[in-house]
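The values are calculated or read from the model by the stated rules, or taken from the named source; none is laboratory data. What you see is a predicted model, and the numbers here were worked out from it, not measured in a lab. Here the Cβ positions follow ideal geometry from the backbone for every residue, glycine too, while neighbour counts run over all protein chains shown.
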Amino acid sequence: MKKLLIAAFIAVSVAGYSQWTAPAASPRQTVEQQFSMSKISVDYGRPGVKGRKIFGDLVPYGQVWRAGANSSTKIEFRQSINFGGEIVPAGIYGLFIVPTEKEWKIILNKDSQQWGAYEYDAKLDVAEVTVPVQKVADKQEYFEISLQPVDDNSINLVFKWDDVKAQLPLKTGKPETVSKIVDKLKEIRKIEQDAAAKK
């Protein structure tokens with residue numbers, strides 16, 4: 001009977017703890033933002049500074065970095081995007097960075113499924129753009145990627161970690177087409193509102 005009670009206690013304890021996991025060293029995060037007629041989402045790992053020298057050491061200058069930790073960073077566009085002057089079709093891409101002290105090269109790559117940047121292949125690059133790096137007064141402990149809307153057709157992709165920040169302006173890929181569609185959608189919404197008001 002005693003053995004049965006011990007076995008039951010262990011089973012209950014295991015079941016109870018199985019709903020939790022140990023804290024991740026570099027927690028995964030997904031960021032999603034409404035943009036133009038659709039959304040942009042970014043899935044990435046968030047490494048911490050943890051007292052280390054980051055850029056130029058943990059993340060070497062002049063080498064391809066996964067823009068996060070663990071599996072490569074993924075960015076999804078649900079409509080075409082102007083990425084540094086290149087029109088990029090809707091899709092899921094790997095996001096990589098080549099940092100230097102004063103500027104970062106931000107790269108979109110067709111391979112979004114690799115671990116880190118160990119199998120990065122420049123032949124699969126879709127677009128790249130170089131942006132300046134800014135020093136920030138408030139240090140960022142965990143690497144952060146954010147999407148900050150500017151207007152209906154523009155958004156900034158912002159990277160921040162330790163004492164540096166870089167941002168890349170993104171725009172709708174086909175603004176004239178988007179404007180026409182938005183105008184039509186507004187017309188439809190107006191008709192629906194008018195019809196609802198007459199009920």
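Some notes on this structure:
- Figure legend. Inter-residue proximity from region 83-104: first residues in a loop (DSSP other than H, G, I, E, B), second residues surrounded by 18 or more Cβ atoms within 10 Å (Cβ to Cβ) and aromatic (F, W, Y), beta-carbon distance below 9 Å, spacing 6+ or different chains. Indicated pairs: P89/F77; A90/F77; T100/F55; E101/F55.
- Lone unmet requirement of (1) out of contact with any helix residue (DSSP H, G or I) (no Cβ under 8 Å at 6 or more places or on another chain); (2) surrounded by 15 or more Cβ atoms within 10 Å (Cβ to Cβ) for Q113: (2)
- E141 being farther than 16 Å from Q167 by Cα, crowded, with 17+ Cβ neighbours inside 10 Å and in contact (Cβ under 8 Å) with a residue 24 or more places away in the chain: no
- Test: residue in region 117-134 that is within 17 Å of P47 (Cβ to Cβ) and either surrounded by 13 or more Cβ atoms within 10 Å (Cβ to Cβ) or in contact with a helix residue (DSSP H, G or I) (Cβ under 8 Å, 6 or more places away or on another chain) (or both): yes
- Residue match in region 13-35 (condition: among the small types (G, A, S), under 27 Å from I155 (Cβ atoms) and modelled with pLDDT of 95 or more): no
- Qualifying residue in region 172-181 (condition: touching a residue at least 12 places away in the same chain (Cβ under 8 Å), out of contact with any strand residue (DSSP E or B) (no Cβ under 9 Å at 6 or more places or on another chain) and of a type outside the set (G, A, S)): yes
- Here G68 meets each of (1) surrounded by 12 or more Cβ atoms within 10 Å (Cβ to Cβ); (2) small (G, A, S); (3) in a strand (DSSP E or B) with one exception, condition (3).
- Any hit, region 33-40, residues being assigned to a loop (DSSP other than H, G, I, E, B), within 19 Å of S112 (Cβ to Cβ) and either among the aliphatic types (A, V, I, L, M) or touching a residue at least 40 places away in the same chain (Cβ under 8 Å) (or both): no
- Boolean, Y44 is in contact (Cβ under 8 Å) with a residue 24 or more places away in the chain, of a type outside the set (S, T, N, Q) and either crowded, with 19+ Cβ neighbours inside 10 Å or in contact with a Cys (Cβ under 9 Å, 6 or more places away or on another chain) (or both): yes
- Selection from region 113-133 of residues that are touching a Lys or Arg at 6+ places or on another chain (Cβ under 7 Å), under 15 Å from S72 (Cβ atoms) and in a strand (DSSP E or B): V126
- Members of region 81-110 found to be over 17 Å from F159 (Cα atoms), aliphatic (A, V, I, L, M) and surrounded by 13 or more Cβ atoms within 10 Å (Cβ to Cβ), listed by number: I81, I87, V88, I92
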